[in-house]
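Report on the structure given below.
The values are calculated or read from the model by the stated rules, or taken from the named source; none is laboratory data. Because the structure is predicted, anything quoted here is derived from the model rather than measured. Virtual Cβ from ideal backbone geometry, glycine too; neighbours counted across all protein chains shown. Note: accessible area is taken over every heavy atom of the protein model, side chains too, but ligands, DNA and RNA are not part of it. Shrake-Rupley method; radii C 1.70, N 1.55, O 1.52, S 1.80 Å.
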Amino acid sequence: MKALQWWQRSIVYQIYPRSFQDSDGDGVGDLNGIRARLDYLRWLGVGAIWISPIYPSPMADFGYDISDYCDIAASFGTMADFDALVEQAHARDLKVILDFVPNHTSDQHPWFVESRSSRNNAKRAWYVWRDGGPDGAPPNNWISQFGGPAWTFDGTTGQHYLHSFLPQQPDLNWRNDNLRAAMCDVLRFWLDRGVDGFRVDVLWLLIKEAAFRDNPPNPGYLPTQAAINRTLSVYNADQPEIHEVIAQMRAVLEEYGARLLIGEIYLPFERLAAYYGKDLSGAHLPFNFALIHAAWNAATIAALIREYEASLPPGGWPNWVLGNHDQPRIAHRVGPAQARIAAMLLLALRGTPTMYYGDEIGIPRVDVPVDLVQDPWERREPGLNVGRDPSRTPMQWDASENAGFSSARPWLPVERNFTARTVAAQQADSRSILSLNRALISLRNRHHAFSVGRQRIVDVRDNVLLFERAHADETFLIALNFGAETQALNEAAAGLMMLSTHMDRTEAGSPVLRGDEGVIIRLR
């Protein structure tokens, strides 16, 4: 078998650091909190942790507005805490992946302070500045991802600056060679500290069209949608020059050996595939978010799997994502019963899976009262259900106050009735969704068929998806019932039942698949 990279065999586990574990009693999670939970992650069986931004920041967008790329925010700890986390993670054979946020900085970053000081400043061209239109109008019709114009007028120099997100998050100019060199040095700074890779935030937005033309209107826009959907992102995203940028980032990682480059990219498969780069010189894993947005039925999921696999360039490694800090939780999207089906699907598909903290215990959408809302997007566009707070609530560890997350009032509320959905309770329950996730991960880690084996869709019928994973002399059948009705499963009769999502049977293959049940059967 061809030698594999660590990330081809690993499961990536995303940690939103504000919400994972608070170690110092201020209601906000931190690095020492993550360090205190490394043994849990090792017990669960994941191979890498991806940590959302931990850099100094005014926290206008909770860490995605960075004021210093080469330090740690005091609320998360110190550089010594970070170094200890990396060292202790590595001692447990856990890789550490950092969030890299290169599209924009905070407006308090020294680079932007210089850039806005005068039109002649050396760092002026490190950001995107344009003259306004007639009567002081913005330079074009581009819309911020969080609503409103993507341009803010700066009275000091009489020009507008671009911000794809909040006005406090000015966009960097990736057409500038000096900016590119500085950002590559940021990557080296963290690689020198032992980081194993990066997840690159909004990678497809980094390069904008040089002519700054208006985006065309979106004919499918509805008033119930967020403002960003009013136009089609033709000229402010996914420009051809982005692939030069990605190759440059990848080249930096290649200086350090086996490191991983992940790209956040919300694009259709045919456009997503280009982010692997010419001769696979781009992102190792352009994130595949298809499962997040798909209609939840067997036929749709089967079609997605086929389409995605067909879109991959030769040698391109697949990946699948069920949830993250920007999306509704999987237990909310498909319900608690089907969340088990989703877990089996994610961990049985070919490629690298990414799990989101708390999904392994089935944390649902946690409603956040209006007076406790933190998300700036929800505040700017209230009533459109765009708020991301419900997916960022604290991890639920045990039955103690605040679910064991903090001794103080958490920055976001914990689920009201959390006691059945805690790590401690579910570790003691052999049929819990946590026990299921751990069993699935263990199966994947023990059998090459699930991580690197061949994959074949066998059939789709009566809302049941059947596919095989095979490697060497092992073949496994995965049968997933996306409906509530019992279904016949004659293929199972000759196999050995390895695992059921109900966690209540290990008999030889059964001809019956219960409602909302998934099974893994060893055929040979």
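A few points about this structure:
- Cα centroid separation - the stretch 414-449 against the stretch 315-346, whole Å: 15
- Sorting the segments 357-369, 219-231 by their residues' average number of neighbouring beta-carbon atoms within 10 angstrom, most packed first, yields 357-369, 219-231.
- Every Cα-Cα pair of the stretch 106-155 was included, and the share exceeding 17 Å stands at 42 percent.
- Derived scalar couplings ³J(HN,Hα) [the stretch 81-98; Karplus, 6.51 cos²θ - 1.76 cosθ + 1.60; whole Hz; x for Gly, Pro]: 5, 5, 4, 5, 4, 4, 4, 6, 5, 4, 5, 9, 6, 10, 7, 10, 10, 9
- Computed helical MRE - 222 nm, the chain, DSSP H runs ≥ 4 contributing -39500 (n - 2.57), nearest 500: -7000 deg cm²/dmol
- Legend: residues Glu241, Glu87, sorted from most to least accessible area (1.4 Å probe; ligands, DNA and RNA excluded), read Glu87, Glu241.
- Ratio Rg/Rh [Cα only; Rh per Kirkwood] for the stretch 235-348: 1.01
- Cα pair distances of the chain binned at 10 Å [whole percent]: 4, 18, 29, 27, 16, 5, 1, 0
- Cα-based reach from Lys208 at 12 Å (exclusive), listing aspartates and glutamates while leaving out same-chain residues under 8 positions away: Asp171, Asp238, Glu241
- For the chain, with all protein chains in place and a probe radius of 1.4 Å, 50% of the accessible heavy-atom surface sits on carbon or sulfur.
- In a simple Cβ point-charge model (Lys, Arg +1; Asp, Glu -1; nothing else charged), the chain has a dipole of about 1060 debye relative to its Cα centre.
- Simple rule: put +1 on each Lys or Arg Cβ and -1 on each Asp or Glu Cβ in the chain, find the dipole, and look at Gly335, Ile305, Trp129; the Cα lying farthest toward the positive end is Ile305.
- For the stretch 372-463, a crude dipole built from +1 on the beta carbon of Lys and Arg and -1 on the beta carbon of Asp and Glu, taken about the Cα centre, is about 420 debye to the nearest 20.
- Cα pair distances in the stretch 362-482, grouped into 10 Å bins until the bin that holds the longest one, percent each: 12, 26, 23, 24, 14, 1
- Accessible area expressed per residue, the chain, with surrounding protein chains retained (probe 1.4 Å, Å²): 37
- Positive-end ranking of Gly47, Leu206, Leu523 along the dipole of the chain, with charges on Cβ about the Cα centre, is headed by Leu523.
- Taking the empirical scaling 2.2 N^0.38 Å for compact globular proteins as reference, the stretch 417-510 has a Cα radius of gyration ratio of 1.21.
- Centre separation in Å (Cα based) which lies between the stretch 470-505 and the stretch 17-42: 37
- Taking the C-alpha atoms only, the angle from helix 433-446 to the longest principal axis of the chain is near 90 degrees.
- Cut-off under 5 Å, modelled amide H: who pairs with Gly518 long-range: Asn481, Thr501, His502
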